[in-house]
Structures are given as C-alpha cells and as structure tokens.
1. Checking the structure you have, find out if any residue of region 223-244 is of a type in the set (Asp, Glu), without any contact (Cβ under 8 Å) to a residue 40 or more places away in the chain and within 30 Å of LEU105 (Cβ to Cβ).
2. Where residues in region 182-208 are open to solvent by less than 40 Å² (accessible area, probe 1.4 Å), assigned to a helix (DSSP H, G or I) and not hydrophobic (A, V, I, L, M, F, W, C), which of them is modelled with the highest pLDDT?
3. Scanning for something part of a strand (DSSP E or B) and in contact with a helix residue (DSSP H, G or I) (Cβ under 7 Å, 6 or more places away or on another chain), does region 117-136 turn up at least one residue?
4. What are the pairs with Cβ atoms under 7 angstrom where one residue, in region 45-70, is at pLDDT below 95 and the other, located anywhere, is open to solvent by 30 Å² or more (accessible area, probe 1.4 Å) and charged (D, E, K, R)? Sequence gap at least six, or different chains.
5. Give the residues of region 94-129 that are open to solvent by less than 100 Å² (accessible area, probe 1.4 Å) and more than 20 Å from the chain's Cα centre (by Cα), sorted by residue number.
6. Which one of these does SER212 not meet: (1) surrounded by 13 or more Cβ atoms within 10 Å (Cβ to Cβ); (2) over 26 Å from PHE95 (Cα atoms)?
7. When the residues of region 249-258 are filtered to those that are in contact (Cβ under 8 Å) with a residue 24 or more places away in the chain and within 10 Å of ASP268 (Cα to Cα), which remaining residue is surrounded by the most Cβ atoms within 10 Å (Cβ to Cβ)?
8. Got a sec? Which of SER157, SER143 is at pLDDT below 95 and touching a helix residue (DSSP H, G or I) at 6+ places or on another chain (Cβ under 9 Å)?
Amino acid sequence: MDKNLIQRTVSGLVYVAIIILCSTPLGAQLINSIFPGLIQQQYLYYGLISLLLIVGTWECVKIMKFGKGYEKWVVYPLVIFIFYVFSKRYFHHDFFFDFRLSEILALALIGIAVVTLFKFPNELYFDSGKLIFTVIYVALPFSFALGLPKFSSYNDSFSLEVLFLFILIWSSDTFAYLVGKFFGKHKMAPKISPKKTWEGYIGGVVLTLVLSYFVEHYQPELRGNWMVVGFLVAAFAPLGDLVESQLKRNFGVKDSGNIIPGHGGVLDRLDSFIICVPVVYLYFILEKFI
C-alpha cells in the first residue's frame, strides 16, 4: 500500500478523533474515566479552538510573507485580544444571538475581506493590509465558533452544533468531490481550483441536504433548522476552499503548513469551517427574527 495513503489515512483519523472528542461530551467522559473530575467539556472545546486560532494565525502570517515592520508583531496581540473578548462571553454564557451592531459589523468585515482578496488583491501586498486581513480572516471566525455550542456546568451538558457542522462540511466536501469526479464537466473556478466543477457543487448541495434532513429529524435539540444550516454549509463550504486557494495562489504557496501529515496545515483543513462559522452564526441571529 502507498505510504502516503497510509499517512493521510492515519493523520486524517487522528484529526477526526480530536474534533469529535473536543466538540462532544465524549472527550471529558474519556478523560474523567481515567482521572475523575479533571476537566469539563467546555474547556476541551475552548482549548481546541484556541490551538487552531494560534496555529492558523501563524500559518496566515507565513503565507502572506509579512515584512520586517511592526505589523508582523502586532498581529498576534490583536488576534489574542479579539479572542479574549469572545472568550469572556463564552464562559459567561453571553451568546444570545441578539441583533448586536458590533457582531453584524464583525460579520460584515469577513465579507469585505473576502471581496478584497478576490477583487483588490494588491491591497494585501502591503503589511498593513496583511495585518487587517489576518485578524479578520482568522480571529473573527474562530472567535464566533465559541458561540455555537451551549453548555452547562450544573448538569455537565455540552450541545453538538459544532460536531454536526463539521459533519456537514465533511459531507459537502466528500459529495462534491465524488460527484465532480464522476460527472463533472463544467469548471467552477479553473484558475483557482481546477478540480472544482458545478456538477460537483450541485451534487454536494443536494446530498448534504439529504444528510441535513436526518440531522434535523434525529437531533431536534440543536439550535436552528438544520435543513437551512445544511444548505448554507453546502453553499458556502466551497467558497471557503476557494478563498484559501486564492490566498495561497496570490502569494505563491502550495500548503498553509504541514501540521497534519499528508493533509497540510490548519487553514488547509479548516478553510470551509472558517467561512461556514460566520454564515451559520449570522443565520442563528436572523432565525430569532423569522
């Protein structure tokens, strides 16, 4: 068997296992079965997102090839400060998905950053532009990710929104790849991601919606309507891949890193997650007004 295939399979399984253990009560149950009362699930999830944030920031700085100016050193304190603000809300259960102007502006900034990447890439060749883009592209999505699960220290509960978000993203990517491989003829963005096709995109949407139906039917305690979430994930997950591909293309980089052997870096694996989290978060805000 191809050694690269073995490496990709093993590292992929480890990656999936870490996501599952840190985004469901299984992680704390496993650890506490060995060391009783050691940790609560919300801390495992917070640790996971914190790690992904730091590594993702480092990878983005490396991709964009910051110069020797102050911007390279300011980016980390800014990212950590934004994450700290959201962390306070996370531990104080302050994510109520109300219509807050600050949140709407932050979500809008993510959209502006994406438009800038595709339409005005020259702005990102200045270190000031690199600084702003990194903070928006990495800090805000991972910070918003803290608001997706609900948890309680009293009854030791932790909700599964993040787990099923990952499952839908993985299904969208897998279905789009398989449909595109066997039926794809019309390229979606040949200069950015040559393998993506419109047939694959449509197949990913349809089949992810089918999976979303079962999530909505068998997981009624999840926040929101997961048929809607599934559609949003299938529609925007490919955009996440295109955004990161365009970022790497602009700066002549193949992979964001090699922390996951055979799969690349954190940004390579979480490109869809980075875009889907703000979209789903916005839906949870708007869903309260519908």
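1. The answer is yes, given that some residue of region 223-244 is of a type in the set (Asp, Glu), without any contact (Cβ under 8 Å) to a residue 40 or more places away in the chain and within 30 Å of LEU105 (Cβ to Cβ).
2. THR208
3. No.
4. Short answer, once both residue conditions are applied: VAL61/LYS72; PHE66/LYS72; PHE66/ASP127; GLY67/ASP127; GLY69/ASP127.
5. ASP94, ASP98, ARG100, SER102, PRO121, LEU124, ASP127, SER128, GLY129
6. With (1) surrounded by 13 or more Cβ atoms within 10 Å (Cβ to Cβ); (2) over 26 Å from PHE95 (Cα atoms) applied to SER212, the lone miss is (2).
7. The qualifying residue surrounded by the most Cβ atoms within 10 Å (Cβ to Cβ) is SER256.
8. It is SER157.
The values are calculated or read from the model by the stated rules, or taken from the named source; none is laboratory data. Bear in mind the structure is a predicted one, so any value in this text is a computation, not a measurement. Note that we place each Cβ from the backbone using ideal geometry, even for glycine, and neighbour counts take in every protein chain shown. Ligands, DNA and RNA are stripped out before the accessible areas are found, and what is left, the full protein with its side chains, is counted by its heavy atoms. Shrake-Rupley method; radii C 1.70, N 1.55, O 1.52, S 1.80 Å.
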